[in-house]
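What follows is a set of notes on a single structure, which appears directly below.
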């Protein structure tokens, strides 16, 4: 024909957009945390996946950044659900002592942490990965005694530990680019890098840390240190002021600040 067909389309008139394809059918099977997700999403709780259950779980995953958002009630989705449930009142069970000063609260059982001052949450709950079987994160009262923005492990192949905040003889809060929802650390409390950065900006040296509970999968071998129940701990157990000079968890870093 010798001319461009596009020239026949008048200027300013848009061509019809291609129709949006319908969403793929949700076909994921029953997951190991099916009942927990059904209860959370107010679905009939029977532990059996239905198309409606699958759609509800997939919507939850999409809203909370779980990938892939496929409707399967797996570990990552369940752990995300625990964080979502904790957002409104993470200390509802009263496991983390309430004091007038700032406390980093680490719940090993739910694998999440937050920071509170009194009853006010100043750092919302985030998922963590604590020490695996044989390398369990220690429980009890601690103090942030050393911080290193760009730390590398002395013990484990010079592994990066960004935003490291040490609180118990080489165990620290720090960021990791890896998967938080499988396996475990060598004792440190791992966070997503962005969460570790926010925690760095929230805590300071001499801030209190309280760790309790048991990481799922470490119950049989764990020998927890004897500590007072949270409701019996007094302010004298962890002073609001900086640790006195010469305290074993003072400002000097440990010989090998390298757990991860």
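The values are calculated or read from the model by the stated rules, or taken from the named source; none is laboratory data. Owing to the predicted nature of the structure, the values given are computational and were not obtained by experimental measurement. Cβ atoms come from the backbone with ideal geometry, glycine included; neighbour counts cover every protein chain shown.
State yes or no: is residue 124 surrounded by 21 or more Cβ atoms within 10 Å (Cβ to Cβ) and modelled with pLDDT of 95 or more?
no
Restricting the search to segment 91-121, which residues are surrounded by 17 or more Cβ atoms within 10 Å (Cβ to Cβ), in contact (Cβ under 8 Å) with a residue 40 or more places away in the chain and in a loop (DSSP other than H, G, I, E, B)? Once the filter is applied, which keeps residues that are surrounded by 17 or more Cβ atoms within 10 Å (Cβ to Cβ), in contact (Cβ under 8 Å) with a residue 40 or more places away in the chain and in a loop (DSSP other than H, G, I, E, B), segment 91-121 yields 95, 96, 97, 99, 108, 110, 111. Applying the condition of being buried (at least 21 other Cβ atoms within 10 Å of the Cβ) and more than 19 Å from the chain's Cα centre (by Cα) to segment 148-167 and asking which residue is modelled with the highest pLDDT yields 151. Taken over segment 45-74, the residue count meeting the criterion of being farther than 21 Å from residue 127 by Cα and either touching a residue at least 60 places away in the same chain (Cβ under 8 Å) or assigned to a helix (DSSP H, G or I) (or both) is 6.
With respect to residue 87, is the statement that it is in contact with a strand residue (DSSP E or B) (Cβ under 9 Å, 6 or more places away or on another chain), surrounded by fewer than 19 Cβ atoms within 10 Å (Cβ to Cβ) and under 23 Å from residue 31 (Cβ atoms) true? Lay out the reasoning, then the answer.
Details: in contact with a strand residue (DSSP E or B) (Cβ under 9 Å, 6 or more places away or on another chain): yes; surrounded by fewer than 19 Cβ atoms within 10 Å (Cβ to Cβ): yes; under 23 Å from residue 31 (Cβ atoms): yes.
In short, yes.
All conditions but one from (1) at pLDDT 95 or above; (2) at positive phi apply to residue 138; the one that does not is (2).
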